[in-house]
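Since every read-out is calculated from the coordinates, none of them should be taken as a lab result. Quick caveat, the model's predicted, so the values are computed rather than measured. With ideal geometry, Cβ positions are generated from the backbone for all residues, glycine too; neighbour counts draw on all protein chains shown.
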Amino acid sequence: MKAKISEIFKSIQGEGLYQGLEQVFVRFYGCSLSCKFCDTKLSGYREYSVKDLTQALNSFTNFHSISLTGGEPLEQVFFLKEFLESYRKGAKKIYLETNGILFDNLKRIVGHLDIISMDFKLSSSTGIKAFWHEHREFIKIAASKDFFIKAVIGHSTLVNDIRIALSIIKESGSHATLVLQPENPFEHELAAKLNYFYKICQEYSVRVKIISQLHKVIGVK
């Protein structure tokens with residue numbers, strides 16, 4: 001079995017609660033969504049076997065964890081299952097970055113994961129349909145892990161979407177932190193909206209942080 005992987009590289013994590021830590025990124029090719037704010041344009045890939053990927057990862061040293069990112073890694077879940085079952089023994093922590101939709105696929109590998117960074121795809125932010133049911137089911141499974149949720153906030157993001165997302169988080173019983181991530185950290189006019197949404201999160205008693213994309217700020221990959 002082989003996976004389509006666009007690149008493997010070492011850098012710092014630019015988003016979320018683990019921002020600033022060194023990771024080795026395995027960027028899987030392909031995502032069935034087309035969010036309007038997506039800044040990951042993948043033009044090609046190389047096919048890797050489990051052995052190929054393991055050898056590539058073993059060439060890196062001095063890092064916190066391995067980030068399975070994309071694209072959408074869970075779209076290649078059967079490869080991931082085979083790889084993780086082989087690689088997990090005594091290996092680095094495994095960090096999954098995902099759109100939070102493919103909950104059935106998450107079930108197949110959740111036991112091999114350490115950290116899950118889930119995107120909440122707010123329709124008013126993404127420009128595509130909502131995935132309330134999928135996110136609800138995903139959170140139930142992910143909550144057993146070190147887990148947090150990110151929501152991209154832009155000029156088009158509606159407060160009603162935030163309220164629905166918060167209701168889903170509360171219903172799940174999860175204590176996951178919700179990260180409000182400005183679509184562009186240099187657009188200071190988003191500050192008022194972010195602060196407003198922050199206060200709403202506090203009203204729902206959901207843990208919340210406002211965190212910009214560090215790699216955009218300091219200009220690294």
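Computed FRET efficiency, Cβ-Cβ of residue 184 and residue 146, R0 30 Å: what is it to the nearest 0.05? Display every interim value, and only then the final one.
Working: r = 28 Å, r/R0 = 0.93.
Approximately 0.60, to the nearest 0.05.
From the P(r) of the chain, can you give the percent of Cα pairs sitting at distances over 28 Å? Write down the numbers at each step before the final one.
Numbers: 6422 of 24310 pairs.
Summing the P(r) tail past 28 Å for the chain gives 26 percent.
What number, in percent, do you get for the relative contact order of the chain if the mean sequence gap of Cα pairs under 8 Å and at least 6 apart is divided by its residue count?
The normalised contact order for the chain reaches 18 percent.
Report the charge-dipole magnitude of the chain in Debye, nearest 20, computed about the Cα centre from +1 at each Lys and Arg Cβ and -1 at each Asp and Glu Cβ.
It works out to roughly 280 debye.
Suppose R0 equals 41 Å. What FRET efficiency, 1/(1 + (r/R0)^6) with r the Cβ-Cβ distance, do residue 195 and residue 104 give to the nearest 0.05? If you can, show how the numbers build up before the last one.
Details: r = 37 Å, r/R0 = 0.90.
For R0 = 41 Å, the calculated efficiency reads 0.65.
As a footprinting exposure proxy, order 50, 217 by other Cβ within 10 Å, with the fewest listed first.
The order, fewest Cβ neighbours first, is 217, 50.
Calculated from DSSP H runs of 4 or more alone, at -39500 (n - 2.57) each and per residue, what is the 222 nm mean residue ellipticity of the chain, nearest 500?
So the calculated ellipticity at 222 nm is -9500 deg cm²/dmol.
Go through 170-183, 116-129 and give me the packing order, highest mean Cβ count within 10 Å leading.
116-129, 170-183
Would you kindly state how much longer the chain becomes between residue 7 and residue 51 on full extension, computed as 0.36 nm times their sequence separation minus their alpha carbon distance, in nm to one decimal?
14.3 nm
Listing 75, 85, 97 from the residue with the fewest other Cβ atoms within 10 Å to the one with the most, what is the order?
Going from sparsest to densest Cβ surroundings: 85, 75, 97.
Quick check: the angle from helix 159-172's long axis to the longest principal axis of the chain, C-alpha only, nearest 10 degrees?
The answer is roughly 60 degrees.
Counting other Cβ atoms within 10 Å of each Cβ, which chymotrypsin sites (Phe, Trp or Tyr not before Pro) in region 140-221 have at most 12 and sit in a DSSP loop?
Of the chymotrypsin sites (Phe, Trp or Tyr not before Pro), the ones in loops of region 140-221 whose Cβ has at most 12 other Cβ atoms within 10 Å are 186.
By counting other Cβ atoms within 10 Å of each Cβ, how are 95, 48 ranked from fewest to most?
So the ranking, lowest neighbour count to highest, is 48, 95.
Using 0.36 nm times the number of residues separating residue 22 and residue 59, minus their current alpha carbon distance, what extension gain do you get?
Taking 0.36 nm per residue and subtracting the Cα distance, the gain is 11.8 nm.
Kindly express, to the nearest 10 degrees and within the range 0 to 90, the angle between helix 77-87's C-alpha long axis and the longest C-alpha principal axis of the chain.
Computed tilt is about 60 degrees.
Hey, rough spin-label estimate for residue 40 and residue 86, points 7 angstrom out along Cα→Cβ, what's it come to in nanometres?
Spacing of the two 7 Å Cα→Cβ label points: 2.2 nm.
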